[in-house]
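Here's the structure, in structure tokens; my notes come after.
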Amino acid sequence: MDALTGWWDDFFWGSLVVVQVFVIALIMTVLFGLIGAAAKLSKSRAAKSIANGYTIVFRGTPEILVLLLFYFGSAVTLTAIAQVFDPEIKFVDLPPFWAGSLAIALIVGSYATETFRGAFLGVDPGQIEAARALGVSNLQTFIFVRIPAMWRLALPPFGNHMLSLIKDTALIAIIGLEETLFVAEQAIGYTAKPFTMYILVGVIYLGFSTIITLSVMVLEKYANRHLEIAR
Amino acid sequence: MSDSDQTNIIELENVDKFFGGFQALKNISLTVKKGERVVVCGPSGSGKSTLIRCINRLEEHSSGKIVVNGHELTSAVKDIDAVRSEVGMVFQSFNLFPHLTVVKNLMLAPRLVRKSSKSEAHDMAMKYLERVKIPEQADKYPSQLSGGQQQRVAIARALCMNPLVMLFDEPTSALDPEMISEVLDVMVDLAEEGMTMIVVTHEMGFARKVADLVVFMDQGEIVESNPPTTFFEAPASERTKLFLSQILTH
Amino acid sequence: MSFDFALIGDSIPKILMGIGLTFQLLVLSAVLGLALAIVLLLMRISGRWYLAAPTMVYIYIFRGTPILVQIFIIYYGLPQLEFVRDSIFWPILREAFGCAILALTLNTGAYVSEILRGGVLGVDRGLKEAGAALGLSATHRFIYITSPIAIRLALPAYSNDVISLMKSTALASTITLLDMMGIARTIVAETYAPYEIFISVMVIYLIITWIIQRSFGWMEKRMSRHVRSEA
């Protein structure tokens, strides 16, 4: 345990990076999920096909492959573009933070697409009819009736998506992101205690998972508060 | 134990049942003799289902004594499985095993519990399927049968264990009206052959025709128990009268 | 920027040489993981706290931490511990293959046991009561009534987990194993052609995913033939 002295700071900053990636990726995931669900539910054959292609590709491909493809692929493309302007440039890449966040958001977003789609379909059509019959506009119905109902159905599986997201952030270390695994590797270089360091990383992630799980439980309780049967 | 116990298949003495703070059964005492047909009726929540579910220990009674065929019901496991094999139960929602064909549904328990051979179990299954008048459905799956047919299979399944007493928990309540009589007919035949039975039901016609005793329960208590003629023509309690007026109007 | 088809044609056979290792990782971990999952399930539903509690902790840890971290702990971390180096398992744990199998098995075992538990919980209470009413012992009820139905209920979620497991095998490439992913990464490092190589190997993974999905779909159809619409 003394091996960890002096490294607490670094692990702390590494954990912060994890949180940052998570937040950015979460926002993008919700976006991709909603867009994907909308496409799948739309009448346009083109939109449906693209969305289906999206889900099939990103749910059937190993995450690490997506990550590497994104990172190195974008690097090669960006470098090629940059070299058009300045042939001296050797290497341009998308910072691992952004390449990684985007990649994992696309991956989890493909699962979120299915979740949101199912949740939208699960909304009781009677509620929608009632709102429209009362004269509530399409947009207002969508915001005030559809979304809350859909959200309640989507929450449990979405909680799992959030857990996937936080765990996938660990993969971004492979492309050089300076988060906890990266810190661990440095620490191992100095202390030769791989077990200790990696266990600490595990504990940090377990901490994050626990926070997410508890938050989802609280959110679920809130979302279902009107269903509590009065005793 | 006194010799009258030999003819008493089921004895309940001062039985209470609590679900947390709620008392479902209050001081129930009831004796059912061999060959007797008892109908239990009452409003929802009166405890009638709980009562018969305590008899085969699907629910555990909180206090009091329940004796089934000479065995007192306690928490000793050996007792329970042995007792249950002597007591047949038919459920409101049939509860046929969906992954087994009709005949396999009937053969499962005899093979596992009585260690019957495959052919013995099969013969017995076919015999009871004929008894309930649907032998041709033997190789179908429950989902392919109508509600009335499924319930008759359920009765046959219980009969394959050659029980000493049959418990029926609202056997026709989940059926569409046109299928109720096919099930009641089977139950009437069973009664006329001398099967001891306790039937929780709203079917008062059945009670009148077949019952030796009609028991009215309300709010966990036995309010009144009388032979059908007395019960229907001269009910003693006001609550009984109220109940009868509510269910006999249509 | 052109798409080097010659390179693809050249690389695919090389990548496919890794398919043997990919399948070994997948099949071995799936089988061992399933066995572990059944043991965990029985412990979890045993009703005895001293069996259920450790199981719940185990599942919590393995589902709450990234699989990459689990792999690193086992491959890089365990050698730090003296009692591991001295144990009879050392020959296995010294090798990357053994470590990968161990990590994947422990991980999938945790997920699958929860999936099986979901199946068991989904079995209608009335069916279990009917079995009890017929005098069937608890063991008989579990084997002949609960299990067949639970398996059918769990099959969709299980097929998803097998696909996840397949994707996780790609992480073996991070600990020197030359499965398909490992070979692909080597080729990319030599040729700087991430798009061609990674997209090729992605297509292969997608084909495998498709095969797994079809197989399970066929199995689900077979098992559900007796369950039509509720009568």
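If I filter the stretch B:192-209 for residues that are surrounded by fewer than 20 Cβ atoms within 10 Å (Cβ to Cβ), touching a residue at least 40 places away in the same chain (Cβ under 8 Å), out of contact with any strand residue (DSSP E or B) (no Cβ under 8 Å at 6 or more places or on another chain) and within 14 Å of chain C (Cβ to nearest Cβ), do I get at least one hit?
Checking the stretch B:192-209: not a single residue is surrounded by fewer than 20 Cβ atoms within 10 Å (Cβ to Cβ), touching a residue at least 40 places away in the same chain (Cβ under 8 Å), out of contact with any strand residue (DSSP E or B) (no Cβ under 8 Å at 6 or more places or on another chain) and within 14 Å of chain C (Cβ to nearest Cβ).
Are any of the residues in the stretch C:127-137 part of a helix (DSSP H, G or I), in contact with a helix residue (DSSP H, G or I) (Cβ under 7 Å, 6 or more places away or on another chain) and in contact (Cβ under 8 Å) with a residue 60 or more places away in the chain?
Scanning the stretch C:127-137, I find no residue that is part of a helix (DSSP H, G or I), in contact with a helix residue (DSSP H, G or I) (Cβ under 7 Å, 6 or more places away or on another chain) and in contact (Cβ under 8 Å) with a residue 60 or more places away in the chain, so the answer is no.
With the requirement that a residue be under 25 Å from C:Leu153 (Cβ atoms) and of a type in the set (Gly, Ala, Ser), what does the stretch C:78-119 give you?
Listed by number, the residues that qualify are C:Gly109, C:Ala110, C:Ser113, C:Gly118, C:Gly119.
Let's see how each residue does on (1) out of contact with any helix residue (DSSP H, G or I) (no Cβ under 8 Å at 6 or more places or on another chain); (2) part of a helix (DSSP H, G or I); (3) of a type in the set (A, V, I, L, M); (4) at pLDDT below 90:
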| site | (1), (2), (3), (4) |
| --- | --- |
| A:Phe142 | yes, yes, no, yes |
| A:Val145 | no, yes, yes, yes |
| A:Met162 | no, yes, yes, no |
| A:Ala170 | no, yes, yes, no |
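Which one of the conditions (1) surrounded by 21 or more Cβ atoms within 10 Å (Cβ to Cβ); (2) in a helix (DSSP H, G or I) does A:Pro156 fail to meet, given that it meets all the rest?
(1)
Of the conditions (1) away from chain C (no Cβ under 13 Å); (2) part of a helix (DSSP H, G or I); (3) over 17 Å from the mean Cα position of the chain (by Cα), B:Lys133 satisfies every one except a single condition; which number is it?
B:Lys133 satisfies all of (1) away from chain C (no Cβ under 13 Å); (2) part of a helix (DSSP H, G or I); (3) over 17 Å from the mean Cα position of the chain (by Cα) except (2).
State yes or no: is B:Met217 in contact with a Lys or Arg (Cβ under 8 Å, 6 or more places away or on another chain) and either surrounded by 14 or more Cβ atoms within 10 Å (Cβ to Cβ) or modelled with pLDDT of 95 or more (or both)? Even if it seems obvious, please write down each step before you answer.
Numbers: in contact with a Lys or Arg (Cβ under 8 Å, 6 or more places away or on another chain): yes; either surrounded by 14 or more Cβ atoms within 10 Å (Cβ to Cβ) or modelled with pLDDT of 95 or more (or both): yes.
So B:Met217 passes the test.
May I ask you to verify whether A:Glu63 is within 17 Å of the chain's Cα centre (by Cα) and of a type in the set (D, E, K, R)? If you could, list the steps in order and put the result at the bottom.
Values: within 17 Å of the chain's Cα centre (by Cα): yes; of a type in the set (D, E, K, R): yes.
The answer is yes for A:Glu63.
When you go through A:Ile27, A:Ile50 one by one, which is the residue that is away from every other protein chain (no Cβ under 12 Å), at pLDDT 90 or above and farther than 29 Å from C:Arg214 by Cα?
The conditions single out A:Ile27.
Residue under question is B:Leu96, and the condition is that it be more than 28 Å from B:Ser116 (Cβ to Cβ) and either touching a Cys at 6+ places or on another chain (Cβ under 8 Å) or not charged (D, E, K, R) (or both); does it hold?
Details: more than 28 Å from B:Ser116 (Cβ to Cβ): no; either touching a Cys at 6+ places or on another chain (Cβ under 8 Å) or not charged (D, E, K, R) (or both): yes.
In short, no.
Please work out which residue is nearest to the chain's Cα centre (by Cα), limiting yourself to the stretch B:55-82 and to residues that are touching a residue at least 24 places away in the same chain (Cβ under 8 Å) and farther than 22 Å from B:Phe18 by Cβ.
Among them, the one singled out is B:Asn69.
Among the residues of the stretch C:201-214, which ones are in contact (Cβ under 8 Å) with a residue 40 or more places away in the chain and more than 7 Å from every other protein chain (Cβ to nearest Cβ)?
C:Ile204, C:Ile208, C:Ile212, C:Gln213
Select, from C:Ala110, C:Ala130, C:Ala103, C:Ala154, the only residue that is within 14 Å of chain B (Cβ to nearest Cβ) and at pLDDT 95 or above.
The unique qualifying residue is C:Ala130.
I'd like to check which helices (runs of 4 or more DSSP H) are fully inside the stretch C:1-66 and have at least 2 residues that are closer than 30 Å to A:Val84 by Cβ and away from chain A (no Cβ under 14 Å).
C:5-16
Which residues, taken from the stretch C:74-95, are among the acidic types (Asp, Glu) and within 12 Å of another protein chain (Cβ to nearest Cβ)?
C:Glu82
In the stretch C:151-170, which residue that is touching a residue at least 40 places away in the same chain (Cβ under 8 Å) and of a type in the set (S, T, N, Q) is surrounded by the most Cβ atoms within 10 Å (Cβ to Cβ)?
C:Thr169
Under the condition of being within 24 Å of A:Tyr111 (Cα to Cα) and more than 8 Å from every other protein chain (Cβ to nearest Cβ), which residue from the stretch A:72-101 is nearest to the chain's Cα centre (by Cα)?
A:Ser101
Name the one entry in A:Ile35, A:Ile27 that is over 18 Å from A:Trp98 (Cα atoms) and surrounded by fewer than 19 Cβ atoms within 10 Å (Cβ to Cβ). Explain how you work it out, then say what you get.
Details: A:Ile27 fails: over 18 Å from A:Trp98 (Cα atoms).
Just one listed residue meets the conditions, A:Ile35.
Just one of (1) farther than 19 Å from A:Ile174 by Cα; (2) modelled with pLDDT under 90; (3) within 14 Å of another protein chain (Cβ to nearest Cβ) trips up A:Ile56, so point out which.
If we test A:Ile56 against (1) farther than 19 Å from A:Ile174 by Cα; (2) modelled with pLDDT under 90; (3) within 14 Å of another protein chain (Cβ to nearest Cβ), just (2) comes out false.
How many residues are touching a Ser or Thr at 6+ places or on another chain (Cβ under 7 Å) and touching a residue at least 12 places away in the same chain (Cβ under 8 Å) if we restrict to the stretch A:33-62?
So the answer is 9.
For the stretch C:175-200: of the residues being more than 9 Å from chain A (Cβ to nearest Cβ) and among the charged types (D, E, K, R), which is surrounded by the most Cβ atoms within 10 Å (Cβ to Cβ)?
Checking each candidate, the answer is C:Asp179.
Cβ-Cβ below 9 Å, separation at least six or inter-chain, first residue in the stretch C:53-67 and more than 14 Å from A:Leu165 (Cβ to Cβ) and touching a residue at least 12 places away in the same chain (Cβ under 8 Å), second charged (D, E, K, R) and not in a helix (DSSP H, G or I): which pairs?
Pairs that qualify, where the first residue is more than 14 Å from A:Leu165 (Cβ to Cβ) and touching a residue at least 12 places away in the same chain (Cβ under 8 Å) and the partner is charged (D, E, K, R) and not in a helix (DSSP H, G or I): there are none.
Residues that are under 20 Å from B:Pro98 (Cβ atoms), within 11 Å of another protein chain (Cβ to nearest Cβ) and either surrounded by fewer than 17 Cβ atoms within 10 Å (Cβ to Cβ) or in contact with a Phe, Trp or Tyr (Cβ under 6 Å, 6 or more places away or on another chain) (or both): does the stretch C:114-124 have at least one?
yes
Answer yes or no: is there a residue in the stretch B:75-92 that is of a type in the set (Phe, Trp, Tyr) and touching a helix residue (DSSP H, G or I) at 6+ places or on another chain (Cβ under 8 Å).
Going through the stretch B:75-92, the residues of a type in the set (Phe, Trp, Tyr) turn out to be B:91.
From what is left, the residues that are touching a helix residue (DSSP H, G or I) at 6+ places or on another chain (Cβ under 8 Å) are B:91.
Checked against the condition, which is being of a type in the set (Phe, Trp, Tyr) and touching a helix residue (DSSP H, G or I) at 6+ places or on another chain (Cβ under 8 Å), the stretch B:75-92 yields at least one hit.
I need every pair where a residue in the stretch C:171-198 that is over 23 Å from A:Phe58 (Cβ atoms) and of a type outside the set (A, V, I, L, M) has its Cβ under 8 Å from the Cβ of a residue that is at pLDDT 90 or above and not in a helix (DSSP H, G or I), sequence separation at least 6 or different chains.
Within 8 Å, the pairs are C:Thr186/C:Leu178.
Over 24 Å from A:Leu171 (Cα atoms), within 14 Å of another protein chain (Cβ to nearest Cβ) and over 18 Å from the mean Cα position of the chain (by Cα): does that describe A:Gly122? First the steps, then the outcome.
Details: over 24 Å from A:Leu171 (Cα atoms): yes; within 14 Å of another protein chain (Cβ to nearest Cβ): no; over 18 Å from the mean Cα position of the chain (by Cα): yes.
Against the criterion (over 24 Å from A:Leu171 (Cα atoms), within 14 Å of another protein chain (Cβ to nearest Cβ) and over 18 Å from the mean Cα position of the chain (by Cα)), A:Gly122 does not qualify.
Which one of A:Tyr222, A:Tyr205 is in a helix (DSSP H, G or I), at pLDDT 95 or above and either within 14 Å of chain C (Cβ to nearest Cβ) or out of contact with any Cys (no Cβ under 7 Å at 6 or more places or on another chain) (or both)?
A:Tyr205
The values are calculated or read from the model by the stated rules, or taken from the named source; none is laboratory data. None of these values were measured; they are calculated from a predicted model. Note that we place each Cβ from the backbone using ideal geometry, even for glycine, and neighbour counts take in every protein chain shown.
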